[in-house]
Amino acid sequence: MAFCQAELFMTHAFSALSPSTIVGAIESVGVYPAGEPFALNSYENRVLMLRDDSGGRWVVKFYRPGRWTAAAIQEEHDYLHELRAAGVSVAPPARLNSGQTLHRFAGFAFALFPQQPGQAPELDNPAHLFALGEVIGRLHKTAEQGEFAHRPRLALVEDTVRASASVLASGWLSKQQRRAYQSVTEGLTQALAEVAVPNMLRCHGDCHLGNILGREDAFTLVDFDDCLMAPAIQDIWMLLPTGDPDAWRAQLSEVCEGYAQERRFPDEELALIEPLRSYRMVRHSAWIIARWSDPAFPRAFPWVGECGYWDSHIRQLEQQRVRLASPRWLA
């Protein structure tokens, strides 16, 4: 790769977010840290945990500049408060400064959330799977009562084309890899163009184990930064990662049972799981390339800069193309 990492690291989106700026932002909304905020694992945004001088525990999120409009972020916040009012276990941002949830300081948009205790659920625990299905069903029961005006709408073909084009234009692939990548992504795009996407609702969008916290059989959904209009199965398929058909069916059965306590399970959307997986795989690599100037990304994904990664990625995409052509996993 022909770039100067040192130069890029000086100009990334969060280069001006110094420790003093972080503390100044938090104090500007009347919360006073008792010690230095502790950085949490987060790549798209900067997220830190802190204790205030009264013993309260908070999570502060600084949104990546230029990613979302203020209207889109506010819509996320308003949606979270709507969900909480409807009895859905979510973590809305605190209303500070005369009831505001979105704040600005030194050019950064940020919000404070009360810290949510707990751990990620265990996917081999039937009670946890049932509880996950129940909370997602409750989420979707409220979600279908409105639509987003400022958040994205899932577009399988358009987003995949855009992501694959950015990879091809990046200069990260060898000539041979470019030919193979272009061939396989064109095949995936053609397959995705034949996929019928049913009605969409306001989804969490990134509903994996890292965004679910709780204990025993009660879980809270956190981090709605990627919320969008999408089919309901978007919030379910990432909880079923296993390639073992028997284990997959057993997990799905528990999730379905919990979900059905709140809303009819969308069985007709099961055929979307592999298309959505393909979509996510293509976009994930494009996302890392787009963010490479942020030092958090080379540290977190060092293998992406290696030739072997792209060979492996292309093979995985080819496997997805085969799955889309013959979705035997549904049998």
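The values are calculated or read from the model by the stated rules, or taken from the named source; none is laboratory data. As the structure is a computational prediction, the values presented were derived from the model and not from experiment. Here the Cβ is made from the backbone with ideal geometry for all residues, glycine too, and neighbour counts use every protein chain on show.
Answer with yes or no whether residue 283 is assigned by TED's automatic domain parsing to the domain that holds residue 136, among the basic types (Lys, Arg), buried (at least 16 other Cβ atoms within 10 Å of the Cβ) and under 20 Å from the mean Cα position of the chain (by Cα). Walk me through it before giving the result.
Values: assigned by TED's automatic domain parsing to the domain that holds residue 136: yes; among the basic types (Lys, Arg): yes; buried (at least 16 other Cβ atoms within 10 Å of the Cβ): yes; under 20 Å from the mean Cα position of the chain (by Cα): yes.
It is true that residue 283 is assigned by TED's automatic domain parsing to the domain that holds residue 136, among the basic types (Lys, Arg), buried (at least 16 other Cβ atoms within 10 Å of the Cβ) and under 20 Å from the mean Cα position of the chain (by Cα).
Being at negative phi and touching a residue at least 60 places away in the same chain (Cβ under 8 Å) is the filter here, so list the residues in segment 84-99 that pass it.
88, 89, 90, 91, 96, listed by residue number.
Could you say whether any residue in segment 151-159 is in contact with a strand residue (DSSP E or B) (Cβ under 9 Å, 6 or more places away or on another chain) and either without any contact (Cβ under 8 Å) to a residue 12 or more places away in the chain or over 30 Å from residue 39 (Cα atoms) (or both)? So that I can check it myself, show each step before the final result.
Step one: list which residues in segment 151-159 are in contact with a strand residue (DSSP E or B) (Cβ under 9 Å, 6 or more places away or on another chain), which gives 151-154.
Subsequent filtering for residues that are either without any contact (Cβ under 8 Å) to a residue 12 or more places away in the chain or over 30 Å from residue 39 (Cα atoms) (or both) retains 153-154.
Yes.
What do you reckon, is residue 135 over 30 Å from residue 259 (Cα atoms), touching a residue at least 60 places away in the same chain (Cβ under 8 Å) and β-branched (Val, Ile, Thr)? Walk me through it before giving the result.
Details: over 30 Å from residue 259 (Cα atoms): no; touching a residue at least 60 places away in the same chain (Cβ under 8 Å): yes; β-branched (Val, Ile, Thr): yes.
Against the criterion (over 30 Å from residue 259 (Cα atoms), touching a residue at least 60 places away in the same chain (Cβ under 8 Å) and β-branched (Val, Ile, Thr)), residue 135 does not qualify.
Among what's in segment 100-111 and is touching a residue at least 40 places away in the same chain (Cβ under 8 Å) and among the aliphatic types (A, V, I, L, M), pick the residue that is farthest from residue 81 (Cα to Cα).
Here the residue is 106.
Quick grid of which residues meet (1) surrounded by fewer than 18 Cβ atoms within 10 Å (Cβ to Cβ); (2) in a loop (DSSP other than H, G, I, E, B); (3) out of contact with any Ser or Thr (no Cβ under 9 Å at 6 or more places or on another chain):
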| position | (1), (2), (3) |
| --- | --- |
| 25 | no, no, yes |
| 41 | yes, yes, yes |
| 51 | yes, no, yes |
| 58 | no, no, yes |
| 61 | no, no, no |
| 68 | no, yes, yes |
| 71 | yes, no, yes |
| 78 | yes, no, no |
| 83 | no, no, no |
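Quick one: would you say residue 299 is among the basic types (Lys, Arg) and either touching a helix residue (DSSP H, G or I) at 6+ places or on another chain (Cβ under 9 Å) or closer than 18 Å to residue 193 by Cα (or both)? Can you show your working first?
Details: among the basic types (Lys, Arg): yes; either touching a helix residue (DSSP H, G or I) at 6+ places or on another chain (Cβ under 9 Å) or closer than 18 Å to residue 193 by Cα (or both): no.
So residue 299 fails the test.
Taking only segment 197-250 into account, find how many residues are free of Cβ contacts under 8 Å to residues at least 12 places away in the same chain and basic (Lys, Arg).
1
One residue is enough: does segment 251-261 have a residue meeting the conditions surrounded by fewer than 20 Cβ atoms within 10 Å (Cβ to Cβ), in contact (Cβ under 8 Å) with a residue 12 or more places away in the chain and β-branched (Val, Ile, Thr)?
No: segment 251-261 contains no residue that is surrounded by fewer than 20 Cβ atoms within 10 Å (Cβ to Cβ), in contact (Cβ under 8 Å) with a residue 12 or more places away in the chain and β-branched (Val, Ile, Thr).
Among residues belonging to segment 109-129 that are closer than 16 Å to residue 224 by Cα and of a type outside the set (Gly, Ala, Ser), point out the one that is surrounded by the most Cβ atoms within 10 Å (Cβ to Cβ).
Filtering segment 109-129 for residues that are closer than 16 Å to residue 224 by Cα and of a type outside the set (Gly, Ala, Ser), the one surrounded by the most Cβ atoms within 10 Å (Cβ to Cβ) comes out as 110.
Just the residues that are part of a helix (DSSP H, G or I) and either over 16 Å from the mean Cα position of the chain (by Cα) or of a type in the set (D, E, K, R) (or both), please, taken from segment 198-243. Walk me through it before giving the result.
Keep residues of segment 198-243 that are part of a helix (DSSP H, G or I), which gives 209-211, 232-235, 237-239.
Matches in segment 198-243: 235 only.
Can you tell me which residues in segment 262-273 are without any contact (Cβ under 8 Å) to a residue 40 or more places away in the chain and either farther than 19 Å from residue 131 by Cβ or buried (at least 18 other Cβ atoms within 10 Å of the Cβ) (or both)?
We begin by selecting, within segment 262-273, every residue without any contact (Cβ under 8 Å) to a residue 40 or more places away in the chain; these are 264, 267.
Within segment 262-273, just 267 meets the criteria.
Got at least one residue in segment 144-167 being part of a helix (DSSP H, G or I), at pLDDT 95 or above and basic (Lys, Arg)? Before you say what the answer is, go through the steps one by one.
Residues of segment 144-167 that are part of a helix (DSSP H, G or I), as a first pass: 156-167.
Add one more test, that the residue is at pLDDT 95 or above, and what stays is 156-167.
Checking which are basic (Lys, Arg) leaves us with 162.
Checked segment 144-167: at least one residue is part of a helix (DSSP H, G or I), at pLDDT 95 or above and basic (Lys, Arg).
Can you pull out every residue in segment 1-23 that is of a type in the set (S, T, N, Q) and either at pLDDT 90 or above or not in a helix (DSSP H, G or I) (or both)? Spell out the reasoning first.
Step one: filter segment 1-23 for residues of a type in the set (S, T, N, Q), giving 5, 11, 15, 18, 20-21.
Residues satisfying the conditions are 11, 15, 18, 20, 21.
Residue check: is residue 122 outside any helix (DSSP H, G or I), under 29 Å from residue 243 (Cα atoms), of a type in the set (D, E, K, R) and under 20 Å from the mean Cα position of the chain (by Cα)? Walk me through how you get there before you give the answer.
Working: outside any helix (DSSP H, G or I): yes; under 29 Å from residue 243 (Cα atoms): yes; of a type in the set (D, E, K, R): yes; under 20 Å from the mean Cα position of the chain (by Cα): yes.
Criteria met by residue 122.
For (1) closer than 27 Å to residue 241 by Cβ; (2) in contact with a strand residue (DSSP E or B) (Cβ under 9 Å, 6 or more places away or on another chain), each residue gets a yes or a no:
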{"site": "87", "(1), (2)": "no, no"}
{"site": "110", "(1), (2)": "no, yes"}
{"site": "114", "(1), (2)": "no, yes"}
{"site": "128", "(1), (2)": "yes, yes"}
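Which one of these does residue 177 not meet: (1) modelled with pLDDT under 95; (2) surrounded by fewer than 20 Cβ atoms within 10 Å (Cβ to Cβ)?
Against the list (1) modelled with pLDDT under 95; (2) surrounded by fewer than 20 Cβ atoms within 10 Å (Cβ to Cβ), residue 177 comes up short only on (1).
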